[in-house]
Amino acid sequence: MGADLEPATLLEAYCHGIFPWFAKDEPVCWWSPEPRCIIYPKQFKPSKSLIRQLKKPRYHLTLSHAFEQVVQACAEPRAYTHETWISQDIVAGYTGLHQAGFAHSVEVWDGAQLVGGLYGVQ
């Protein structure tokens, strides 16, 4: 528990398989679960149904074009709760990682509207 959410701290933690996850108004907690979900872009094989959806002219993908917008959208509370673990400190820390070239996002657009996305650390 503890530590700050500065980009250098986050990067050091990720290099050791550790990431922050905590509730609002609680101390920063760090986690290192086994096993971890790791997506290797060169090895990723999308399903046929995903490929069909992405080929429709309605949607288009971008990479790291709207990083902070994706993180802010992920931070929005879901319909089943009014809480979120992605605080503004998390947004700021990961945005710093993105600006330093260590965090990236995938954005899904319907025209000019962001309708989906994810972010991660390299």
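Is it fair to say Y59 is out of contact with any Ser or Thr (no Cβ under 9 Å at 6 or more places or on another chain), of a type in the set (F, W, Y) and without any contact (Cβ under 8 Å) to a residue 12 or more places away in the chain?
On the way: out of contact with any Ser or Thr (no Cβ under 9 Å at 6 or more places or on another chain): yes; of a type in the set (F, W, Y): yes; without any contact (Cβ under 8 Å) to a residue 12 or more places away in the chain: no.
Criteria not met by Y59.
Which residues, counting only those in the stretch 51-87, are in a helix (DSSP H, G or I), polar (S, T, N, Q) and touching a Phe, Trp or Tyr at 6+ places or on another chain (Cβ under 8 Å)?
Taking the stretch 51-87 and keeping what is in a helix (DSSP H, G or I), we get 51-55, 67-75.
Checking which are polar (S, T, N, Q) leaves us with 53, 69, 72.
Result: Q53, single match.
For the stretch 1-23, how many residues are assigned to a loop (DSSP other than H, G, I, E, B) and hydrophobic (A, V, I, L, M, F, W, C)?
The first filter runs over the stretch 1-23 and keeps only residues assigned to a loop (DSSP other than H, G, I, E, B), leaving 1-6, 16-18, 21-23.
Filter again for hydrophobic (A, V, I, L, M, F, W, C), leaving 1, 3, 5, 18, 21-23.
Number of matching residues: 7.
Say we look at the stretch 92-117 and pick out the residues that are aliphatic (A, V, I, L, M) and assigned to a strand (DSSP E or B); which of these is nearest to Y59 (Cα to Cα)?
Start the filter on the stretch 92-117 by keeping residues that are aliphatic (A, V, I, L, M), which leaves 92, 97, 100, 103, 106, 108, 112, 114-115.
Now drop any that are not assigned to a strand (DSSP E or B), which leaves 103, 106, 108, 114-115.
Values: A103: 23, V106: 13, V108: 7, L114: 10, V115: 9 Å.
By that ranking, first place goes to V108.
Within the stretch 45-54, can one find any residue that is of a type in the set (G, A, S), modelled with pLDDT of 85 or more and under 15 Å from G120 (Cα atoms)? First the steps, then the outcome.
Residues of the stretch 45-54 that are of a type in the set (G, A, S), as a first pass: 47, 49.
Next, only the ones that are modelled with pLDDT of 85 or more stay: 47, 49.
Then drop every residue that is not under 15 Å from G120 (Cα atoms), which leaves none.
So far as the stretch 45-54 goes, no, none of its residues is of a type in the set (G, A, S), modelled with pLDDT of 85 or more and under 15 Å from G120 (Cα atoms).
The values are calculated or read from the model by the stated rules, or taken from the named source; none is laboratory data. What you are looking at is a predicted structure, and each value in this text was computed from that prediction instead of being measured. Ideal geometry is used to build each Cβ from the backbone, glycine not excepted, and the neighbour counts take in all protein chains shown.
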